Amino acid sequence: MAYTSHLIRHSRKLKLLRNESSSSSVLVRMFSTEVNSSIKSDNLVRINQQPGNINGGSIGASSIRSVSNRMRIGNNSISRNAFSSSQLYSRRGFASDSALPPHQEIGMPSLSPTMTEGNIARWLKKVGDKVSTGEVLCEIETDKATVEMECMEDGYLAKIIHDDGAKEIQVGEVIAITVEEEDDIAKFSDYKASSTASSGEAKSSPEPSPPKKEVEPVSSPEPTSSVAAEPPQSEGRSFASPLAKKLAEENNVPISSVKGTGPDGSIVKADIDDYLASKASSPKAKATTQASNLDYTDLPHTQIRKITASRLLQSKQTIPHYYLTVDSCVDKLMELRSQLNSVQEASGGKRISVNDLVVKAAALALRKVPQCNSSWTNDYIRQYNNVNINVAVQTEHGLFVPVVKDADKKGLSKIGEEIKQLADKAKKNSLKPDDYEGGTFTISNLGGPFGVKQFCAIISPPQAGILAVGSAEKRVVPGAGPDQFKFASFMPVTLSCDHRVIDGAIGAEWLKAFKGYIEKPETMLL
């Protein structure tokens with residue numbers, strides 16, 4: 001009987017277990033040992049099981065549906081439509097304060113490949129304004145230009161973290177908050193965004209390694225000497241008399257920098273007097289005194305000035321520059337320009353400048369000698385198929401280099417029109433990234449506008465060459481006979497080359513092609 005009742009009980013357990021496994025769903029309360037400290041509320045999750053889903057305690061292809069509408073972990077939230085349409089500078093989230101409604105944190109965007117931080121020129125929207133997709137929120141001053149930042153979603157501007165003129169804001173750092181409902185704006189009046197830059201640095205910093213145990217070498221004992229050794233002085237400690245200490249404190253003299261002449265190397269009053277006398281007679285002290293009497297104004301660095309300084313310093317330190325200079329006769333060029341401008345004026349077009357002709361000649365020379373239309377990388381030399389010419393433009397905001405794309409395929413009137421439009425944008429500080437990115441060669445002309453005779457320009461990386469154009473001047477040249485001479489105008493140009501990419505003979509070949517187009521401008525029409 002005992003054996004029979006044991007079989008009956010075992011059969012009932014098997015039947016109960018079979019009924020539970022065939023159930024369509026099981027309710028499970030989700031916890032995690034890793035994140036349970038940051039989960040704000042328990043979430044009951046229904047797991048719709050499929051046959052064969054549970055094996056050895058793991059869930060296979062189960063489909064999980066959250067019973068609650070939203071699960072909040074830490075400062076982030078996961079929900080329907082939880083991700084912003086822009087992954088560049090916005091994210092949805094909850095602050096640590098659970099009373100805050102759903103909102104969107106807008107971060108400083110990366111608007112150029114070299115941008116690591118930016119400034120806010122001005123806000124075009126104020127707190128409480130309704131914003132729509134595509135509307136301009138603010139103007140961002142990047143390392144290249146001032147760019148408009150558009151809104152990616154509809155909503156209301158609830159908080160501006162960084163006001164007009166805020167500088168050196170790291171890419172990704174929160175600059176504003178938007179909400180979906182207008183009633184939620186007041187809840188963000190005292191909102192403070194967490195520093196994303198500090199958290200990023202904390203994550204990137206490696207864990208300190210455990211200190212290594214230093215093993216001292218075992219040395220044989222030295223024989224004792226009858227001569228008494230000097231008492232060891234404490235490292236970094238200087239002995240000075242009370243009067244010397246008082247005099248040093250009154251004159252802000254660091255005791256450690258004074259050499260003592262007293263007993264056992266101690267510092268006395270005479271040592272302090274000698275130190276002060278030597279400092280007063282030094283050229284550095286005189287220069288400091290003279291500079292303190294100057295009247296000056298400290299101008300803060302603009303974003304474009306800092307980036308320009310950094311990139312030009314990097315260029316001179318890392319690129320092996322060499323320079324080639326040639327004089328080109330521009331008489332025929334000026335004659336052709338005069339004829340073309342007559343046609344332009346008759347047809348209502350804009351006049352063509354000498355710089356337009358220089359850009360066209362340089363583009364055709366790059367097409368003829370493509371080795372100069374290249375850039376250096378550690379693994380290969382990249383030779384470009386597009387000839388995009390950057391033209392340096394000086395403005396009150398700094399130096400800009402907008403680009404004329406496919407200059408070798410465009411006519412002179414088109415090149416001139418684009419350069420004028422880009423120059424106007426640069427002077428208004430309204431260039432967009434597409435207006436200055438993608439250049440393969442640069443031209444800097446200080447001759448026409450400023451009358452500079454000749455100069456050497458610094459290569460703009462990653463390009464391998466830049467052409468410096470000087471001013472044209474009239475010269476006396478020999479004529480056909482011994483007593484004959486004539487006048488001609490010559491324009492000096494200097495090509496700066498990256499010797500890693502352009503060998504001397506290649507650079508000379510490019511200059512020869514450029515000079516040919518300048519001295520015979522009709523060949524540019526072929």
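With the structure loaded, tell me whether Phe485 is among the aromatic types (Phe, Trp, Tyr) and within 19 Å of Thr325 (Cα to Cα) or whether it fails that test.
Judged against the criteria, Phe485 is not a match.
May I ask you to say which residue of Ala193, Ala166 is part of a loop (DSSP other than H, G, I, E, B) and at pLDDT 80 or above?
Ala166
Among the helices (runs of 4 or more DSSP H) contained in the range 201-302, which hold 1 or more residues that are closer than 30 Å to Glu168 by Cβ and modelled with pLDDT under 85?
Per the criteria, 283-292.
Within the range 401-413, which residues are surrounded by fewer than 21 Cβ atoms within 10 Å (Cβ to Cβ), touching a strand residue (DSSP E or B) at 6+ places or on another chain (Cβ under 9 Å) and more than 20 Å from Arg382 (Cβ to Cβ)?
The one that is surrounded by fewer than 21 Cβ atoms within 10 Å (Cβ to Cβ), touching a strand residue (DSSP E or B) at 6+ places or on another chain (Cβ under 9 Å) and more than 20 Å from Arg382 (Cβ to Cβ): Lys410.
Just the residues that are among the small types (Gly, Ala, Ser) and either at pLDDT below 95 or in contact with an Asp or Glu (Cβ under 7 Å, 6 or more places away or on another chain) (or both), please, taken from the range 393-410. If you could, list the steps in order and put the result at the bottom.
Quick first cut of the range 393-410, residues among the small types (Gly, Ala, Ser) only: 398, 407.
Once the filter is applied, which keeps residues that are among the small types (Gly, Ala, Ser) and either at pLDDT below 95 or in contact with an Asp or Glu (Cβ under 7 Å, 6 or more places away or on another chain) (or both), the range 393-410 yields only Gly398.
Could you pull out every one of the helices (runs of 4 or more DSSP H) wholly within the range 414-526 that has 2 or more residues that are surrounded by 15 or more Cβ atoms within 10 Å (Cβ to Cβ), of a type in the set (Gly, Ala, Ser) and in contact with a strand residue (DSSP E or B) (Cβ under 7 Å, 6 or more places away or on another chain)?
504-519
Where residues in the range 391-400 are in contact with a strand residue (DSSP E or B) (Cβ under 9 Å, 6 or more places away or on another chain) and not hydrophobic (A, V, I, L, M, F, W, C), which of them is most open to solvent (accessible area, probe 1.4 Å)?
Filtering first and then ranking leaves Gln394.
I need every pair where a residue in the range 451-479 that is over 18 Å from Val326 (Cβ atoms) and without any contact (Cβ under 8 Å) to a residue 40 or more places away in the chain has its Cβ under 8 Å from the Cβ of a residue that is open to solvent by 40 Å² or more (accessible area, probe 1.4 Å) and among the small types (Gly, Ala, Ser), sequence separation at least 6 or different chains.
none
Tell me which residues, restricted to the range 98-154, are surrounded by fewer than 14 Cβ atoms within 10 Å (Cβ to Cβ) and of a type in the set (Lys, Arg).
Of everything in the range 98-154, those that are surrounded by fewer than 14 Cβ atoms within 10 Å (Cβ to Cβ) and of a type in the set (Lys, Arg) turn out to be Arg122, Lys126, Lys130.
Name the pairs whose Cβ atoms lie under 9 Å apart, with the first residue in the range 338-367 and without any contact (Cβ under 8 Å) to a residue 40 or more places away in the chain, the second open to solvent by 10 Å² or more (accessible area, probe 1.4 Å) and among the basic types (Lys, Arg), and 6 or more positions between them or separate chains?
Hits for this filter: Asn341/Arg351; Glu345/Arg351.
The values are calculated or read from the model by the stated rules, or taken from the named source; none is laboratory data. Since the structure is predicted, the reported quantities are computational estimates derived from the model, not experimental observations. We place every Cβ from the backbone using ideal geometry, glycine too, and count neighbours over all the protein chains shown. Heavy atoms of the whole protein, side chains included, go into the accessibility calculation; ligands, DNA and RNA do not. Shrake-Rupley method; radii C 1.70, N 1.55, O 1.52, S 1.80 Å.
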